[in-house]
Amino acid sequence: MKVTILQTDIEWGRPEVNIDRAEALMTQEPGADLYVLPEMWATGFATEPFGIAEEESQSMALEWMKTKAKTLRCSICGSLAIHVDGTYRNRHYFINGRKEILQYYDKHHLFSYGHEDQYYTAGDKHTVVEYEGFRFLLLTCYDMRFPVWSRYCDAYPYDAIICVANWPESRQNAWQILTRARAIENQAYLIGCNRVGDDAYNHYRGCSAVISPIGKTLDCCKANVQDTASFLLNLEEVRHKREKFKVLDERDLF
C-alpha cells in the first residue's frame, strides 16, 4: 500500500486556501492509496474554536475530503476543528473513498498547556480503521506522549499508527523521539504528519516521516517547507518482525 504524507503550511482560518495547498501536493505525488494531512489542516490549531471551527454538516474541508477520496478512489485522513451536537471536537477523519466509508477518532488527550481542553470535548474511544488489509490506529498530536493510550492490545490490534499533528519547533526533539518510540514498542509502522509554517504562537518545522516497526526512517519530508513523503507499506514485513521477535507477547497488560 502506498501511503503519502502531505506536509502543508496552514493558512490561519482559511479552508479554501488550505484545500488548494493540499491539492497541489497531491498532484505532485499521484497514485497513493492513502493520503495523510496534519492536525486541523484546514484552519490551523484553533484552541479557541469560535468563528474557526466548522459545523460538521456544513464543513467545506470535510466535503472536499469525501469528494476527493471518492474521485481518486483512495483514502484521505486528517483532523478538523468541528462543531457537532453542541460540542467542539478535534476530530481525526479517515475517509475510505473506495467504499465510501467515513470513520473518525476524537482526540483523547487535549492539549491543556495550550488550553484546548477548555473549549473542546475529549474523545473516550480508540479508533482502528481497516483498509486494504491494514489496521490503522488513529492518534492526534498530544496523544503521542501517552504510551498506555496508544499501546497495542488484544482489544484493538493494529499494524500501523497514524498520528496527525501541529507539533512546534520548540518541542521538535520530542517529536523525533516519540514517533520512533511508539513504532518500536508496538512493532508497527508510524506515519507522523506534522505541519510547517507559523501561527500566532509557534513555528513548525514539519519533519513528517514514515517510521518502520524497528524505528528506522523510511521516508521523511524536508524541514520548513511544504513537502511529501511516500512509502509502500508491507503487511508481511510487520508480521515477520512480530513473529521473529515476540516483544508484544511479553508486553505488560494494563
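Kindly check whether there is at least one residue in region 231-242 that is within 17 Å of GLY78 (Cα to Cα) and at pLDDT 95 or above.
No, there is no match, as no residue in region 231-242 is within 17 Å of GLY78 (Cα to Cα) and at pLDDT 95 or above.
Suppose the filter is open to solvent by less than 20 Å² (accessible area, probe 1.4 Å), out of contact with any Gly (no Cβ under 8 Å at 6 or more places or on another chain) and not basic (Lys, Arg); does CYS153 pass it?
So CYS153 fails the test.
Could you list, ordered by first residue, the pairs with Cβ atoms under 7 Å in which the first is in region 42-58 and under 15 Å from GLY86 (Cβ atoms) and the second is open to solvent by less than 10 Å² (accessible area, probe 1.4 Å) and in a loop (DSSP other than H, G, I, E, B), at least 6 apart or interchain?
Pairs found: ALA53/ALA46.
Only one residue in VAL129, VAL164 is closer than 29 Å to LYS68 by Cβ and touching a helix residue (DSSP H, G or I) at 6+ places or on another chain (Cβ under 9 Å), so which one is that?
Result of the check over VAL129, VAL164: VAL164.
Does any residue in region 17-34 that is more than 11 Å from ALA61 (Cα to Cα) come within less than 7 Å, Cβ to Cβ, of a residue that is part of a loop (DSSP other than H, G, I, E, B) and open to solvent by less than 10 Å² (accessible area, probe 1.4 Å) six or more places away or on a different chain, and which pairs are these?
The qualifying pairs are ARG21/THR8; LEU25/THR8; ALA32/CYS74; ASP33/CYS74; LEU34/CYS74.
What are the residue pairs meeting all of these: first residue in region 115-137, first residue in contact (Cβ under 8 Å) with a residue 40 or more places away in the chain, second residue β-branched (Val, Ile, Thr) and not in a loop (DSSP other than H, G, I, E, B), Cβ atoms under 6 Å, and 6 or more apart or on different chains?
Cβ pairs passing all conditions: PHE136/VAL129; PHE136/ILE162; LEU137/VAL128; LEU137/ILE161.
Residue pairs, Cβ under 9 Å, 6 or more apart or interchain, first in region 181-201 and over 21 Å from LEU37 (Cα atoms) and open to solvent by 10 Å² or more (accessible area, probe 1.4 Å), second in a strand (DSSP E or B) and β-branched (Val, Ile, Thr). List them.
From residues that are over 21 Å from LEU37 (Cα atoms) and open to solvent by 10 Å² or more (accessible area, probe 1.4 Å), the pairs are ILE184/ILE211.
With the requirement that a residue be of a type in the set (Val, Ile, Thr) and surrounded by 14 or more Cβ atoms within 10 Å (Cβ to Cβ), what does region 22-69 give you?
VAL36, THR43, THR47, ILE52
The values are calculated or read from the model by the stated rules, or taken from the named source; none is laboratory data. Since the model is a prediction, treat every value here as computed from it, not as a measurement. A quick note on method: Cβ atoms are made from the backbone with ideal geometry, for glycine too, and the neighbour counts reach across all protein chains shown. Ligands, DNA and RNA are stripped out before the accessible areas are found, and what is left, the full protein with its side chains, is counted by its heavy atoms. Shrake-Rupley method; radii C 1.70, N 1.55, O 1.52, S 1.80 Å.
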